[in-house]
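This report refers to the structure that appears directly beneath it.
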Amino acid sequence: MPLKAKRYLDKDADHRAKRVNANSFEGVADLDIWKQFKTGNESAFIHIYELYFEQLFNYGLQFTRDMALVEDCIQDLFIEIRKTRGRLSDTTSIKLYLYKAIKRKVIQLVKYKRSRFHHEPIDEGYQFHFVFSHEHFLINQQLDQEQIHKLNEALKKLPLRQKEVIYYYFYEQLSYAEIKEIMEFVSIKSVRNKAYIALQTLRKSYR
């Protein structure tokens, strides 16, 4: 976990005690954890913070390489949901809820900085920096370094939305329904089509 995240939580002895209690949420459904957080359970908040901070940080870096920007966005997000917890809607997937929120926040700030300080065209407002390694099982066989290189070269050339679908499905292991929600597709069929076209392109690259 980044140092700023640790400093944010390690403020006093009472907070550290609540961090111990946060471990008691293992195996509890997301909806129940979220409801406890919304009613003011500080241990539930700490559990969410510690479980997802690093995931959100790595996810945010898909949209920009500015680590400080991503970390600031995550801190702002947690401050906001903590202040407004009583008005938040319920969710059965805390990860999906936070991913949608941090994606929106990071992209908005990237767009703002580009337009204000660099006078760059906005277009999509972000790039997607996902690459494959041996740990990514795109197909049911082991790929050598040369094949992975070819795969990543093909990945770079994919349209942004296709690349993002591949990332969510294979790296984050989100369902088509979850990808539809986070990317705001009109239907699950649209997600499937994007994934199919992207996979066909990638498979051709290493043959």
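Taking label positions 7 Å along the Cα-Cβ direction at both GLU184 and ALA68, the computed distance is 2.9 nm, reported to one decimal. About its Cα centre, the range 145-205 has a charge dipole of approximately 340 debye under the convention of +1 per Lys or Arg Cβ and -1 per Asp or Glu Cβ, with nothing else charged. Using the Cβ-Cβ distance between ARG116 and GLU50 with R0 = 25 Å, the FRET efficiency computed as 1/(1 + (r/R0)^6) comes to roughly 0.15.
May I ask which of LYS163/LYS189; LYS157/LYS180; LYS113/LYS156; LYS105/LYS150 have a Cα-Cα span longer than 27 Å here? As for pairs spanning more than 27 Å Cα to Cα, those are LYS105/LYS150.
Neighbour counts of C-beta atoms inside 10 Å place ILE197, ILE46, ILE107 in the sequence ILE197, ILE107, ILE46, starting with the fewest.
Spin-label model, GLN127 to ASN193: label points 7 Å out along the Cα-to-beta-carbon direction sit 2.9 nm apart.
None of the figures in this text is laboratory data; all of them are computed from the coordinates on show. Just so you know, these numbers come straight off a predicted model, no measurement behind them. In this analysis, Cβ positions are derived from the backbone assuming ideal geometry, glycine residues included, and neighbour counts consider all displayed protein chains.
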